[in-house]
Amino acid sequence: MSEPTLTYGRYLKVPELLSLQSCLSTPPHHDEALFIIIHQVYELWFKLVLHEVDSAVELLGADRVEEATRLLRRVVEIQQLLVHQVRILETMRPQDFLGFRYHLNPASGFQSVQFRELEFALGMKDAAVLAAIRCLPEEEQRLRGRLASPSLPDSVDGLLVRRGFAKQPVPEPGPDGRSQPEDWRLAALVKIYESPDAHQDLSALCEVLVDIDEALAHWRAHHVQMVERMIGAKRGTGGSDGVGYLRATLPKRAFPDLWRVRTHIGQEPT
C-alpha cells in the first residue's frame, strides 16, 4: 500500500503534539493549560538551543568561526523569545496559580534536564546537580555525558590556542570544569578587543558569547521576579527555597572572562 499523502499535520505530528497537554486538576483549572503549554514550549526551544550550541562546538573545532557565530546569533534570538514568554506567564494571577499548584508536587522546574544540559554545555558545570535532580536513568546519563564533554568555552579556548594566543598545552580544567588559571585567556581577550580589525572573526564571536550570557542573565532575573510575583516567599514545589534559590543563581556567568576583559582594555601594561 502506498504511504498516505504528506500533510502539514503529519509532517509536524500536530495531532500527537496537541494530545500532550494533560491537566492534573479536576475539573481542569483554566490556567493550568497555559502553564503546561508554556513549559512544553520552553523544552522545545531548549532542544533547539542545545542543537545549535553543539553544532557551534563542532564548527569551532573545525575553525569555522563565522558559521559558528551565525548559529550562536540564532541562539540569542531564541533567548529573547524565552524572556518574553515569562511575560505571558505573568498574565496569570497568583490565586489562579495556587488553584492548581499543589498538583505539581514534587515536580519542579529545577528538574528540567535540558536546561541543566544547556548550563553544562555553556561551561557552567556542577556535579552536585546530579545528586539533587530527580530524573530518568537515561536523562542522568545525558547529564553525565554533558559533564564529561567539552563545553562551548572549552572549544573557544582550543580555538585561541590554535590561533597562537596561548602556549600548548591549555591548563587542565579545575573543579568547576574551567581551565585554570585564567590569566592566559584574559590576556588573549585583551589582544582581541584592542585589535578588533586584526581579529574580526574572533571579535564577532566574543560579542555573541556576551550576548548569550546577557540574555541568560535577563531570563534568570525576569524568572525570579515572576516566581516572586506568583508565590512570594513560599518554598518551591520541589522543596527548594523558591525565590531564595533562584536569586542565588543570578551571578552565574558562562563566560566570566568576557566580562572581566572590559576592565583591562586600554590599561597601560604593568
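Structure above, values below:
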| quantity | calculated |
| --- | --- |
| Highest-fluctuation residue, Gly244, Gly61, Gly164 considered, GNM on the chain with Cα pairs under 10 Å | Gly164 |
| Selected from Gly99, Thr263, Ser195, residue furthest toward positive end of dipole (the stretch 28-264; charges at beta carbon) | Gly99 |
| Highest-fluctuation residue, Asp257, Asp54, Asp183 considered, GNM on the chain with Cα pairs under 10 Å | Asp183 |
| Estimated FRET transfer efficiency (Leu104, Thr26; beta-carbon r; R0 22 Å; 0.05) | 0.95 |
| Long-range amide H partners of His29 with built H, under 5 Å | none |
| Cα-based Lys pair tally, the stretch 28-264, threshold under 26 Å, eight or more apart or on separate chains | 7 |
| Most to least packed among 133-139, 6-12 [average Cβ atoms within 10 Å] | 133-139, 6-12 |
| Cα centre as origin, Lys/Arg/Asp/Glu Cβ charges: the chain dipole, Debye | 580 debye |
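No value in this document is a laboratory result; all are computed from the given coordinates. Quick caveat, the model's predicted, so the values are computed rather than measured. Quick reminder, even Gly has a Cβ in these numbers, built from the backbone with ideal geometry, and neighbours come from all protein chains shown.
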